[in-house]
Amino acid sequence: MPDDAETAAPPPRRRISRRTLIGGVVGGVIGAAALAGGGAYLLPRLLDGPEDGLHVDRLLKRPGFTVAHRGGSLDWPEMSMEAYRNAVSAGVNALEISLARTSDGVWFGLHDETLDRTSGTSGFVAAEHTWKEVGQHRISAAETNDPRQAPQPYLRFEELVAAYGSTHTIFVDPKVVPPEHFGELFALMATVDHPTNTFVAKGYCTAREWPVDARGRGYRTWGYYYGAELASDPALFASTRDRWSWLGLDYNGGEEAWRTFTASGSPVLAHIVPSRAAADQALRLGADGMVVSGVREVLHP
């Protein structure tokens, strides 16, 4: 939509779609079920299609919103276009990607320093190879619920942005890429119309340069924690808290840690949620949203 209001003519009457009508009926049924069950926490089954995509300013208005972890790492070869396409069709509200950088400056989806886990290579360090060399390998489905799936190509960051930057929030984590290259990543993020409403800078709670730089540029940041680490280091939360706009805590992080996080005044996302049962647990603990690895298991059990 344009930034300025349209004044030349009144907008045409919006026709209520079948999807919207069904969504309202489903919402009413869910609400009635919750009341009948004494306030039970229920995660609505979202309907298929890109209309479920939400940008940053709308995510928190959708209780229990979902972020596809690596595109749905339990369901499809992680961070492939196939994974993100399927996750969007399943009805996720946002997408998450970890990024590596090749020797010739291509940013692409990879969680690790090497391709070894995802492609079965040995010592293939992404930063030491060109994008053409990376392209000779495929992402295995070995760690999914269906390892018989066909391997998928690695995905350039700009391909994901071109496909879904206009419809979905994208959580971005540069992982092992040195901070001196962050300017390139911010430049890629700036190719959309409203970058700070499209991207969230994600990182492990102790990350420093990435969240500080991102917040200085107006982006929201999301830092994730683990309950076991909080218990072993009482100073961890206080020493890192101010870097993050939103907080993340594992759904098995413990009720005490969850009480601390939900009392912080910041939105809290549960991670990494593999199933509907785990999603229900996260919602009972007070999660505003969830980073889900089992997209089908959470949204379509």
(request) Taking only the range 121-170 into account, find how many residues are among the hydroxyl-bearing types (S, T, Y), without any contact (Cβ under 8 Å) to a residue 12 or more places away in the chain and within 30 Å of L60 (Cβ to Cβ). (result) 0
(request) Check the range 116-128 and report whether any residue there is buried (at least 18 other Cβ atoms within 10 Å of the Cβ) and assigned to a strand (DSSP E or B). (result) no
(request) Could you run through the range 187-199 and say how many residues are in contact (Cβ under 8 Å) with a residue 24 or more places away in the chain and either assigned to a helix (DSSP H, G or I) or under 21 Å from S239 (Cα atoms) (or both)? (result) 5
(message) Can you find a residue that is part of a strand (DSSP E or B), under 19 Å from I170 (Cβ atoms) and among the β-branched types (V, I, T) anywhere in the range 62-74?
(response) yes
(request) Output the number of residues of the range 262-290 satisfying the condition of being part of a loop (DSSP other than H, G, I, E, B), touching a residue at least 40 places away in the same chain (Cβ under 8 Å) and touching a strand residue (DSSP E or B) at 6+ places or on another chain (Cβ under 7 Å). (result) 3
(message) Just to be sure before I move on: is V161 hydrophobic (A, V, I, L, M, F, W, C) and part of a helix (DSSP H, G or I) in the structure I sent?
(response) yes
(message) Of all residues being buried (at least 19 other Cβ atoms within 10 Å of the Cβ) and β-branched (V, I, T) in the range 196-231, which is nearest to G109 (Cα to Cα)? Just the residue, please.
(response) V200
(request) Answer yes if at least one residue in the range 152-159 is within 17 Å of R220 (Cα to Cα), under 18 Å from the mean Cα position of the chain (by Cα) and either surrounded by 20 or more Cβ atoms within 10 Å (Cβ to Cβ) or basic (K, R) (or both), and no otherwise. (result) no
(request) Check whether at least one residue in the range 116-137 is of a type outside the set (V, I, T), within 27 Å of D288 (Cα to Cα) and touching a Gly at 6+ places or on another chain (Cβ under 9 Å), and report yes or no. (result) no
(request) Go through the range 171-186 residue by residue and tally those that are more than 13 Å from W107 (Cβ to Cβ) and either outside the structural domain of A87 (by TED's automatic domain parsing) or touching a residue at least 40 places away in the same chain (Cβ under 8 Å) (or both). (result) 1
(request) Determine if the range 85-97 includes at least one residue that is surrounded by fewer than 16 Cβ atoms within 10 Å (Cβ to Cβ) and at pLDDT 95 or above. (result) yes
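The values are calculated or read from the model by the stated rules, or taken from the named source; none is laboratory data. Predicted, not measured: the structure shown is a model, and the values here were computed from it. FYI the Cβ positions are ideal-geometry reconstructions off the backbone, even for glycines, and counts take in every protein chain you see.
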